[in-house]
Amino acid sequence: MRIGPYSLMPRVILAPMAGVTDKPFRVLSKRLGAGLCVSEMTTSDPRFWSTAKSRHRMDHDGEPDPISVQIAGTVPQIMADAARYNVDHGAQIVDINMGCPAKKVCNAWAGSALMRDEALVGRIVEAVVKAVDVPVTLKIRTGWDHDQRNAPNIARIAEDAGIAALAVHGRTRDQQYTGSAEYDTIAAIKAALSIPVIANGDIDSPQKAAYVLAHTGCDAVMVGRAAQGRPWIFREIAHYLAHGEELAPPTLAEVRDLLLGHLEHLHAFYGELSGVRIARKHLGWYAKDRPENAAFRAVVNRADTAELQLRLTCDYFDALVAGVSPELPVAA
């Protein structure tokens, strides 16, 4: 699969997720087999580009190529300016967000709310494509709701406006993340377009990835929530697609080492205070379904220093590696 000059291998992509796909997570996912990692969405409003949140979201120093940055907004010229700004700051692919279902985004007529105005979609995509010399991609849903499932129309408009690839989350906006992904709709979109199409939604295993690729005819799959606390899913999918066999899961020792490295990168990237706080959700995901995970989370979430967070995490996983019950301090 190619997006502009970039050849993506393997054909599995990390989906943009606000508050999740920051640089530490993208770098880790890329190292563990993702063919492309899309940044969490950045605002197109220049008034917020100098905030700490935006500076972190626009930080791509040392990130493996190709660097894909997602922008969100509603005004074509402002979106075009944002695309240029991000390219000047390292973006090699610009992705337009028309898939986010969050109320605060849709209430501002951004994200998936844009799908309700097909003419505006065309103007935004055309403005962004003309503004930059890098490939522009688009992420959409199947529509606003069951009665407004216009993704095929949006896809044709976007292709005519010059997008290089299209990602489709197989749900309407009102479904949020409930129900089942509509792979038939994605297949119909792929059949109607000549550009690469990426299937997104409910892809949580190597077998599911292979099924979705075969069923939809898409060029790649995009994984979101299933990668939370399980970034090695990318190498598992890549191995299955290449060899038709399951890759052995990571050992507990490897999970421990990956997690500790992830925590250290978060602490270094955000600073100790913010890094410790942001790391807590990742700790919850990594510990999910493991022995005494609730007790571990209750204790580790109270850690207010990087040193204590790392030590508690290491002790917990060391006990799991040794096959003994973790000795967790009593939460005050």
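The values are calculated or read from the model by the stated rules, or taken from the named source; none is laboratory data. Note that the structure is predicted; figures quoted are calculated from it, not measured. All Cβ positions, even for glycine, are placed from backbone atoms using ideal geometry, and neighbour counts span all protein chains on display. Surface accessibility is based on the protein's heavy atoms, side chains included, excluding ligands, DNA and RNA. Shrake-Rupley method; radii C 1.70, N 1.55, O 1.52, S 1.80 Å.
Report the Stokes-Einstein translational diffusion coefficient (µm² s⁻¹, integer) for the chain, Rh taken as the Kirkwood radius over Cα pairs, at 4 °C with viscosity 1.567 mPa s.
63 µm²/s
With the crude spin-label approximation of a point 7 Å out along Cα→Cβ, what separation in nm comes out for Arg225 versus Arg84?
3.9 nm
Place a +1 charge on the Cβ of each Lys and Arg in the range 130-184 and a -1 charge on the Cβ of each Asp and Glu, then give the dipole magnitude about the Cα centre in debye, rounded to the nearest 20. Don't skip to the answer; put the middle values down first.
Details: 7 positive and 8 negative charges, 27 e Å.
It works out to roughly 120 debye.
Could you check which residue among Thr21, Thr178, Thr142 shows the biggest mean-square fluctuation in a GNM of the chain with a 10 Å Cα cutoff?
Thr178
For the range 24-106, what's the relative contact order in percent, using C-alpha pairs closer than 8 Å and at least 6 residues apart?
29 percent
Would you check the accessible area of Trp232, probe 1.4 Å, heavy atoms only, in square angstrom rounded to 10?
Near enough 20 Å² of accessible area.
Among Asp160, Asp147, Asp88, whose mean-square fluctuation peaks in a Gaussian network model of the chain (Cα, cutoff 10 Å)?
Per the Cα network of the chain with a 10 Å cutoff, Asp147 tops the list.
Among the listed pairs Lys139/Lys190; Lys139/Lys281; Lys23/Lys53; Lys139/Lys288, give every one whose C-alpha distance is greater than 20 Å.
Result: Lys139/Lys281; Lys139/Lys288 exceed 20 Å.
Compute the distance in nm between two label points, each set 7 Å from the Cα along the Cα-to-Cβ direction, one at Asp133 and one at Arg31.
Output for this residue pair reads 3.3 nm.
Only Lys, Arg, Asp and Glu count, each charged at its Cβ (+1, +1, -1, -1), so figure out the dipole size of the chain about its Cα centre, rounded to 20 debye. Walk me through the intermediate numbers first.
Working: 36 positive and 38 negative charges, 105 e Å.
In total the dipole reaches around 500 debye.
Please get the size of the charge dipole for the range 1-119, origin at its Cα centre, with Cβ charges of +1 on Lys and Arg and -1 on Asp and Glu, quoted in debye to the nearest 20. If you can, show how the numbers build up before the last one.
Details: 14 positive and 12 negative charges, 62 e Å.
Here the range 1-119 has a charge dipole of around 300 debye.
What part of the accessible area of the range 187-266, given as a whole %, is carbon or sulfur when the probe is 1.4 angstrom? Please list the in-between numbers first.
Working: 1600 of 3090 Å².
Within the range 187-266, the accessible surface is 52 percent carbon and sulfur.
On average, how much accessible surface per residue is there in the chain, in Å², for a 1.4 Å probe, leaving out ligands, DNA and RNA? Before the final figure, lay out each step's value.
Details: 13940 Å² over 332 residues.
Result: 42 Å² per residue.
With springs only between Cα atoms under 10 Å apart, run a GNM on the chain and tell me which of Val128, Val212, Val75 wobbles the most.
Of Val128, Val212, Val75, the most mobile in the Gaussian network model is Val75.
Which whole-number percent gives the relative contact order of the range 8-49, counting Cα pairs below 8 Å spaced six or more residues apart?
47 percent
Just the number, please: carbon plus sulfur as a percent of the accessible area of the range 1-96, 1.4 Å probe, no ligands or DNA/RNA counted.
54 percent
Output the relative contact order of the chain, whole-number percent, from Cα pairs under 8 angstrom with separation of 6+ residues.
13 percent
Cβ neighbours within 10 Å, averaged per peptide: list 90-99, 291-300 in order, most packed at the top.
Ranking, from highest mean packing down: 90-99, 291-300.
Given only helices, namely DSSP H runs of n ≥ 4 each adding -39500 (n - 2.57), what is the per-residue ellipticity at 222 nm of the chain, to the nearest 500 deg cm²/dmol?
Taking each H run of at least 4 residues, the total per residue is -14000 deg cm²/dmol.
Carbon and sulfur atoms: what percent of the 1.4 Å accessible area of the range 106-170 do they account for?
Carbon-and-sulfur percentage of accessible area, whole number: 44.
Under a no-solvent Debye model with one identical scatterer per Cα of the range 106-241, what's log10 I(q)/I(0) at q = 0.09, 0.13, 0.21 Å⁻¹?
Log10 I(q)/I(0), no solvent term: -0.26, -0.55, -1.26.
Mind checking which aspartates and glutamates have their C-alpha under 15 Å from Lys208, skipping anything on the same chain fewer than 8 residues away?
Once the sequence-local aspartates and glutamates are set aside, what remains near Lys208 is Glu182, Asp184, Asp219, Glu236, Glu245, Glu246.
For the chain, give the share of DSSP beta bridges that are antiparallel, in percent and rounded to the nearest 5; count only bridges with both residues there.
5 percent
Give the whole-number value, in cubic angstrom per residue, of the convex hull volume spanned by the C-alpha atoms of the range 1-90. It would help to have the intermediate numbers written out before the result.
Details: hull volume 9.1 nm³, N = 90.
It comes to 101 Å³ per residue, whole-number rounded.
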